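The values are calculated or read from the model by the stated rules, or taken from the named source; none is laboratory data. Please read these numbers as outputs of a predicted model, since none were measured by experiment. Heads up, the Cβs are rebuilt from the backbone with ideal geometry, glycines too, and the neighbour counts pull from every protein chain shown. Just so you know, the surface numbers come from the protein's heavy atoms only, side chains and all, with ligands and any DNA or RNA stripped out. Shrake-Rupley method; radii C 1.70, N 1.55, O 1.52, S 1.80 Å.
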Amino acid sequence: MVASLVIGILFLVLGLALRYWINRRKFCRRTPTGAESFSSYEKSVVIKFIERVGKWVAYALIIFGLLSLWVYSREKKDKENLPQKVKTEKSLLYQ
């Protein structure tokens, strides 16, 4: 149960950090006119492709992190409801 919480937080933070890092690199490459500057065409194509793949990986990490946090909340809710059901079943047996 705690593992899904740790994994959820870790993946969520990693996904957000990866998105921030990619967007910051893109921002720092811009000139005052707003155009991105690369030293060659090949670097432009490769870097843009890697950043696009990196953003998809970041989105996947964020979604997986949110799903893990959701699973944790469901497990916690189920664990809280379980002792109450056991008490009512035991009380019915002894009546």
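Here are the numbers for the structure shown:
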item: Computed [θ] at 222 nm, helices only, for the chain once each DSSP H run of length n ≥ 4 contributes -39500 (n - 2.57); result: -31000 deg cm²/dmol
item: Furthest towards positive pole of dipole, 68, 15, 1, structure part the chain, Cβ charges; result: 15
item: Relative contact order (%) - the chain, alpha-carbon pairs under 8 angstrom, separation at least six; result: 49
item: The chain - charge dipole about Cα centre, Lys and Arg +1 at Cβ, Asp and Glu -1, debye rounded to 20; result: 220
item: Degrees separating the helix 41-93 axis from the principal Cα axis of the chain, which is the longest one; result: 10
item: Exposure ranking of 14, 69 by accessible area [1.4 Å probe, largest first]; result: 14, 69
item: Theoretical FRET efficiency, 1/(1+(r/R0)^6), r = Cβ-Cβ of residue 17 and residue 45, R0 22 Å, to 0.05; result: 0.30
item: Ranked order, 75, 80 - accessible area, probe 1.4 Å, largest first; result: 80, 75
item: Lysine pairs within the chain, Cα separation less than 24 Å, 8 or more sequence positions apart or different chains; result: 12
item: Spin-label model distance (nm) - residue 6 vs residue 27, 7 Å beyond Cα toward Cβ; result: 3.3
item: Efficiency of FRET between residue 56 and residue 76 - r from beta-carbon atoms, R0 35 angstrom, step 0.05; result: 0.70
item: Pairwise FRET efficiency - residue 63 versus residue 37, Cβ, R0 = 35 Å, nearest 0.05; result: 0.60
item: Once the Cα gyration tensor of the chain is diagonalised, semi-axes √(5λ) in Å; result: 51, 10, 7
